[in-house]
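The values are calculated or read from the model by the stated rules, or taken from the named source; none is laboratory data. Bear in mind the structure is a predicted one, so any value in this text is a computation, not a measurement. Glycine also receives a Cβ, built like all others from the backbone with ideal geometry; neighbour counts cover every protein chain displayed. Calculation scope for accessible area: heavy atoms of the full protein, side chains included, ligands and nucleic acids excluded. Shrake-Rupley method; radii C 1.70, N 1.55, O 1.52, S 1.80 Å.
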Amino acid sequence: NAALRGVSEAMLNLAKAYTEGFLDDVHFPSKRKLKEQERLKLGLKWCHKAADAKSAEATYAMGVAYKLGLKDLVQVDVQRAVRLFQRAVALGSADAGRALGTCYYNGQGVEIDFHKAFASYLQAANLGDSGAMFKLSQMYDSGLGVKLSTSTALSWFNRGATVMQERSGQLREANEYAEMATWG
């Protein structure tokens, strides 16, 4: 199995399968299903392994777990979440860039720093994150962390809207393809 061989994407997929309950029938075909707490614990274990193997998505997911907490398994530790988001950004995660920007913007686990928030949002936006594009629009519109510029705010807003429109079109196409595949 690729997860056991240390393939980070496989570890992350296994983590998702556990947390979403897809492995119950595989692990226990005629026995009891895993309890939610057991599933989450196994999912968290594999997500942590994937993060250690430098998976940007898993590192971001661990950051979210520490920012929000996860039942009795992960206690809220926003400063640790910030460090994980920083690591995930370095690995190329747009989601982590947006999350890190939000931490700096709101002073969660760090001091409020609109300049760092802006830099994090900009990095995420340059990786295609529409939410970060909208935050940049808001920052330019209000002059927080950057020079006030209505035209630049509008530009970022339009870029974010375009990305969202493109993604919704791709989702529509994927749904249509899935429906056609079930007709046969």
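Here are some notes:
- Output for region 132-147, where each listed residue is in contact with a Lys or Arg (Cβ under 9 Å, 6 or more places away or on another chain) and assigned to a loop (DSSP other than H, G, I, E, B): 145
- Of all residues in region 131-175, those that are more than 18 Å from residue 95 (Cβ to Cβ), open to solvent by 80 Å² or more (accessible area, probe 1.4 Å) and either touching a helix residue (DSSP H, G or I) at 6+ places or on another chain (Cβ under 6 Å) or in contact (Cβ under 8 Å) with a residue 40 or more places away in the chain (or both) total 2.
- Matching residues in region 1-52 - criterion: being among the basic types (Lys, Arg), modelled with pLDDT under 90 and under 17 Å from the mean Cα position of the chain (by Cα): 16
- If the condition is being on the phi > 0 side of the Ramachandran plot and at pLDDT 95 or above, then region 70-95 contributes only 92.
- Scan of region 46-59 for residues that are touching a helix residue (DSSP H, G or I) at 6+ places or on another chain (Cβ under 8 Å) and in a helix (DSSP H, G or I), ordered by number: 46, 47, 48, 49, 50, 51, 56, 57, 58, 59
- Positions within region 72-108 being touching a Phe, Trp or Tyr at 6+ places or on another chain (Cβ under 6 Å) and either in a helix (DSSP H, G or I) or within 27 Å of residue 143 (Cα to Cα) (or both), in sequence order: 80, 81, 88, 93, 95, 96, 99, 100, 101
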